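Engineer: Encoded as structure tokens, here's the structure I'll be asking about.
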Amino acid sequence: MSIAPHTPLKGSHAGRIFVIATHAFTQLARMKVFYFLAIFAVLAIASNFFDLPQHEGPESVGANVLHSIKSWSLGAMTLFSVVLSIVATALLLPKDVEDRTLYTILAKPVPRFDYLAGKLLGVLLLVFVSLAFMDVLMTVVLQIRTAMVIHEQEAMALGMGYTADAVASLRAETLANGPNAALQSAVFAVFLRASIMASLALLISTFSTSTLFTTIVSFLIYFIGHFQADARDFYLHAGQAGETGLAHWAALSVSLVLPDFQLFNVIDAVIEGQAFPLLMLAKLTLIGIYYALFFTLASWFIFADKEF
Amino acid sequence: MADTPPAVEIRNLVKDFKTSFRRLPLRAVDDVSIRIQPGEVYGLIGPNGSGKSTTMKALLGLVAPTAGQCAIFGKDSLQVDSRNDVGFLPENPYFYKHLSGAETLRFYGKLCGLGGRQLTDRVNELLALVDLEGARDRRLGGYSKGMLQRIGLAQALVQEPRLVILDEPTAGVDPVGSRQIRDLIVKLRERGITVFLCSHLLEQVQEVCDQVGIIFQGKMIKEGRLEDLIAIEDQTEIILRDASPELLAQITALIASTPGAALVRTGKPRTTLERLFLREIRDDKR
């Protein structure tokens, strides 16, 4: 059998990935997943009412409510983004196989990598849009509430005879708990963590036979990721492995494959009004990109030879 | 023409599937070879589970052959560029229910690198071809089975492929829808598009195919031109219109007086139940 030379495919990889990504986004959006944003709006507004009456001085006026808004909002963002990234990714691939729509796509001149990358980007686009909406809502609520708290604090401080410097210092302290760059960085970190989980769910769904299996295993790995660093340290320093080279390699291999989600605890520090170091943001970004790429390439490796 | 590669060339295809509990693999396709020239309509027939769909999937690169080779217009089926020239309609496809008919075609068209005015024109042309212009903006969730098959056929044709592969294109479709799909296949043949279809509905295959292969338990047991395969070599058919009883008596007497010849059967030709059904519902509509 004589084989004809290769001919280039019409359109670019980026173009096909974009088409599949926007389609996956539309598919999920038409499944009415954005309804949960209404729940978030209720949460963001409800968190305004958690202002405990413990005003011993102007410093404590409204401190609880600002903390509560950030805590509830970032908590809800984490929950929604992780659930959405795992469940949506776990759903897309098996559904295409079950409905045989996958056959019609792969029977077109579409490389399997383009298909996988498109599906993943579609989910990430959905998570990004959802987080952006939640971020805007949180920022607006926090902005309004911060202005109210500052007004209240200044009135009380001036009434108690605070100096202008002390009032300015109080204002700066309160603004650190309001909407700022650190908070936006924390939201970006939430997105990075969701991206890792989506790419991990994609990898599992390439060999799993059901959406349920993919979802359960992904959540298990998510929880393991929160204590794998502790377990690794314990194994190296307190366990029987000791400090051998083999033990180090084993620990390194685990951390290369399983993400350490403790690194994302910096989000909790931001809720407490602390800064988000730029170096930490860069580190998390690199980690997010590394794991997303690693899991996507591993998915491709399995999916490339998969038979349907 | 001598340089034109065959539209489909399957050579000694073998496909084994691993089984979970038994150690022996299941052989779904066993040394099957098929060659389809451009412009032909080839029907692969066989009972359920005989290896028809697996053969088609191997040709589309959806499964990898255990042995043998598949090529589309000379290009190895395992390479993505072989799909530039092929459109595929799987058995009982569902497609994306959240998309309308026009959106579905736009989606598949974009995957094939089409865009702009060219894509819009192509979508309109295909919706007209499959008679779904009236349902272009309706979501596929509201389509009937026959409409789904037709939109499926339209998506298979979106990039103007030279080869169309249809897996049980009329499965589960009512006689009217089935007829529409067969008419479409005939139109494709008239346009010079090669069609490779598989079905276990023999009458349909007989109506549209030039070449036929019969596959059973994974093996190709008979293959050739349809006319050659179904002709009864030692019999001749004469169909008369308005023949008088006297003429028929003369013909019968002539045959009886001819040594070696025998009259096998006389009677009125019959239409098929399907043609009768289609004629009746057409008359009823008027």
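The values are calculated or read from the model by the stated rules, or taken from the named source; none is laboratory data. Just so it is clear, the structure is predicted and the values come from calculations on it, not from any experiment. Cβ sites come from the backbone with ideal geometry, for glycine too, and all protein chains shown count toward neighbours.
Engineer: Among the listed residues B:Ile221, B:Ile238, B:Ile255, identify the single one that is in a loop (DSSP other than H, G, I, E, B) and over 19 Å from B:Ile72 (Cβ atoms). Don't jump to the end; show me each part of the working.
Structural biologist: Working: B:Ile221 fails: in a loop (DSSP other than H, G, I, E, B); B:Ile255 fails: in a loop (DSSP other than H, G, I, E, B).
Answer to the check: B:Ile238.
Engineer: Are any of the residues in the range B:174-185 touching a strand residue (DSSP E or B) at 6+ places or on another chain (Cβ under 8 Å) and in the same structural domain as B:Gly68 (by TED's automatic domain parsing)? Explain how you work it out, then say what you get.
Structural biologist: At the first step, the residues of the range B:174-185 found to be touching a strand residue (DSSP E or B) at 6+ places or on another chain (Cβ under 8 Å) are B:185.
From the residues that got through so far, the ones that are in the same structural domain as B:Gly68 (by TED's automatic domain parsing) too are B:185.
Yes: the range B:174-185 contains one or more residues that are touching a strand residue (DSSP E or B) at 6+ places or on another chain (Cβ under 8 Å) and in the same structural domain as B:Gly68 (by TED's automatic domain parsing).
Engineer: In this structure, does B:Asp85 turn out to be closer than 30 Å to B:Gly146 by Cα, within 11 Å of chain A (Cβ to nearest Cβ) and within 23 Å of the chain's Cα centre (by Cα)?
Structural biologist: Details: closer than 30 Å to B:Gly146 by Cα: yes; within 11 Å of chain A (Cβ to nearest Cβ): yes; within 23 Å of the chain's Cα centre (by Cα): yes.
Judged against the criteria, B:Asp85 is a match.
Condition check ((1) modelled with pLDDT under 90; (2) of a type in the set (Asp, Glu); (3) surrounded by 14 or more Cβ atoms within 10 Å (Cβ to Cβ)) across all residues:
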{"position": "A:His151", "(1), (2), (3)": "yes, no, no"}
{"position": "A:Asp165", "(1), (2), (3)": "yes, yes, no"}
{"position": "A:Gly178", "(1), (2), (3)": "yes, no, yes"}
{"position": "A:Ser195", "(1), (2), (3)": "no, no, yes"}
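Engineer: From the list B:Val195, B:Val208, B:Val186, B:Val176, which one is more than 14 Å from B:Lys52 (Cβ to Cβ), among the hydrophobic types (A, V, I, L, M, F, W, C) and free of Cβ contacts under 8 Å to residues at least 40 places away in the same chain? Before you say what the answer is, go through the steps one by one.
Structural biologist: Values: B:Val195 fails: free of Cβ contacts under 8 Å to residues at least 40 places away in the same chain; B:Val208 fails: free of Cβ contacts under 8 Å to residues at least 40 places away in the same chain; B:Val176 fails: free of Cβ contacts under 8 Å to residues at least 40 places away in the same chain.
Step by step, each of B:Val195, B:Val208, B:Val186, B:Val176 is checked, and only B:Val186 is more than 14 Å from B:Lys52 (Cβ to Cβ), among the hydrophobic types (A, V, I, L, M, F, W, C) and free of Cβ contacts under 8 Å to residues at least 40 places away in the same chain.
Engineer: Which condition breaks for B:Phe17 when tested against (1) surrounded by fewer than 18 Cβ atoms within 10 Å (Cβ to Cβ); (2) more than 10 Å from chain A (Cβ to nearest Cβ)?
Structural biologist: B:Phe17 satisfies all of (1) surrounded by fewer than 18 Cβ atoms within 10 Å (Cβ to Cβ); (2) more than 10 Å from chain A (Cβ to nearest Cβ) except (2).
Engineer: Filter the range B:94-149 down to residues that are within 14 Å of chain A (Cβ to nearest Cβ), assigned to a loop (DSSP other than H, G, I, E, B) and of a type in the set (Ser, Thr, Tyr), then give me how many there are.
Structural biologist: Here the count works out to 3.
Engineer: Determine if the range A:57-68 includes at least one residue that is part of a loop (DSSP other than H, G, I, E, B) and either over 27 Å from A:Ser169 (Cα atoms) or modelled with pLDDT of 80 or more (or both). Before you say what the answer is, go through the steps one by one.
Structural biologist: In the first step, residues of the range A:57-68 are kept if they are part of a loop (DSSP other than H, G, I, E, B); the result is A:57, A:61-62.
Among the residues that remain, those that are also either over 27 Å from A:Ser169 (Cα atoms) or modelled with pLDDT of 80 or more (or both) are: none.
No, there is no match, as no residue in the range A:57-68 is part of a loop (DSSP other than H, G, I, E, B) and either over 27 Å from A:Ser169 (Cα atoms) or modelled with pLDDT of 80 or more (or both).
Engineer: For the range B:213-237, enumerate the residues that are hydrophobic (A, V, I, L, M, F, W, C) and free of Cβ contacts under 8 Å to residues at least 12 places away in the same chain. Before you say what the answer is, go through the steps one by one.
Structural biologist: Start the filter on the range B:213-237 by keeping residues that are hydrophobic (A, V, I, L, M, F, W, C), which leaves B:214-216, B:220-221, B:226, B:229-232.
Those that are hydrophobic (A, V, I, L, M, F, W, C) and free of Cβ contacts under 8 Å to residues at least 12 places away in the same chain: B:Ile221, B:Ala231, B:Ile232.
Engineer: Does the range A:91-114 hold any residues that are hydrophobic (A, V, I, L, M, F, W, C) and within 7 Å of another protein chain (Cβ to nearest Cβ), and which are they? First the steps, then the outcome.
Structural biologist: Step one: list which residues in the range A:91-114 are hydrophobic (A, V, I, L, M, F, W, C), which gives A:91-93, A:97, A:102, A:105-107, A:110, A:113.
Hits for the range A:91-114 are A:Ile105, A:Leu106, A:Ala107, A:Val110.
Engineer: Would you please list the contacts, defined by Cβ atoms under 7 Å and residues six or more apart or on different chains, that run from a residue in the range A:160-183 that is assigned to a helix (DSSP H, G or I) to a residue that is surrounded by fewer than 18 Cβ atoms within 10 Å (Cβ to Cβ)?
Structural biologist: Short answer, once both residue conditions are applied: A:Val167/A:Leu158; A:Leu170/A:Glu59; A:Ala182/A:Ala275.
Engineer: Kindly indicate whether any position in the range B:128-144 is farther than 26 Å from A:Gly11 by Cβ, of a type in the set (Asp, Glu) and touching an Asp or Glu at 6+ places or on another chain (Cβ under 7 Å).
Structural biologist: No, the range B:128-144 has no match at all.
Engineer: For residues that are assigned to a helix (DSSP H, G or I), over 29 Å from the mean Cα position of the chain (by Cα) and under 14 Å from B:Gln79 (Cβ atoms), tally how many sit in the range A:99-118.
Structural biologist: 1
Engineer: Let me ask something additional. Tell me which helices (runs of 4 or more DSSP H) are completely within the range A:243-308 and hold 3 or more residues being at pLDDT below 90 and out of contact with any Cys (no Cβ under 9 Å at 6 or more places or on another chain), or say none if there are none.
Structural biologist: Details: elements: A:245-257, A:266-271, A:278-303.
Filter on the range A:243-308 gives A:245-257, A:266-271.
Engineer: Could you tell me whether A:Phe223 is at pLDDT 80 or above, surrounded by fewer than 18 Cβ atoms within 10 Å (Cβ to Cβ) and under 26 Å from the mean Cα position of the chain (by Cα)?
Structural biologist: Numbers: at pLDDT 80 or above: yes; surrounded by fewer than 18 Cβ atoms within 10 Å (Cβ to Cβ): yes; under 26 Å from the mean Cα position of the chain (by Cα): yes.
Considered against the rule, which asks whether it is at pLDDT 80 or above, surrounded by fewer than 18 Cβ atoms within 10 Å (Cβ to Cβ) and under 26 Å from the mean Cα position of the chain (by Cα), A:Phe223 comes out as yes.
Engineer: Please specify each residue of the range A:142-159 satisfying the condition of being without any contact (Cβ under 8 Å) to a residue 24 or more places away in the chain and within 27 Å of the chain's Cα centre (by Cα).
Structural biologist: Residue satisfying the conditions is A:Ile144 alone.
Engineer: While we're here: Could you please find all residues in the range B:97-115 being among the hydroxyl-bearing types (Ser, Thr, Tyr) and under 24 Å from A:Pro8 (Cα atoms)? It would help to see each step written out before you state the result.
Structural biologist: Taking the range B:97-115 as the starting set, the residues that turn out to be among the hydroxyl-bearing types (Ser, Thr, Tyr) are B:100, B:104, B:108.
Scanning the range B:97-115 gives a single hit, B:Tyr108.
Engineer: Moving to a separate point now. For the range B:159-176, which residues satisfy the criterion of being out of contact with any Cys (no Cβ under 8 Å at 6 or more places or on another chain), among the aliphatic types (A, V, I, L, M) and either closer than 19 Å to A:Leu106 by Cα or in a loop (DSSP other than H, G, I, E, B) (or both)? Steps first, please.
Structural biologist: Filtering the range B:159-176 for residues out of contact with any Cys (no Cβ under 8 Å at 6 or more places or on another chain) gives B:160-165, B:169-176.
Adding the requirement that they be among the aliphatic types (A, V, I, L, M) leaves B:163-165, B:171, B:173, B:176.
Matches in the range B:159-176: B:Leu163, B:Val164, B:Ile165, B:Ala171, B:Val173.
Engineer: Which one of these is more than 20 Å from A:His67 (Cα to Cα) and within 11 Å of another protein chain (Cβ to nearest Cβ): A:Gly118, A:Gly122? Break it down into steps so the answer makes sense when it comes.
Structural biologist: Numbers: A:Gly122 fails: within 11 Å of another protein chain (Cβ to nearest Cβ).
Only one candidate passes the filter, namely A:Gly118.
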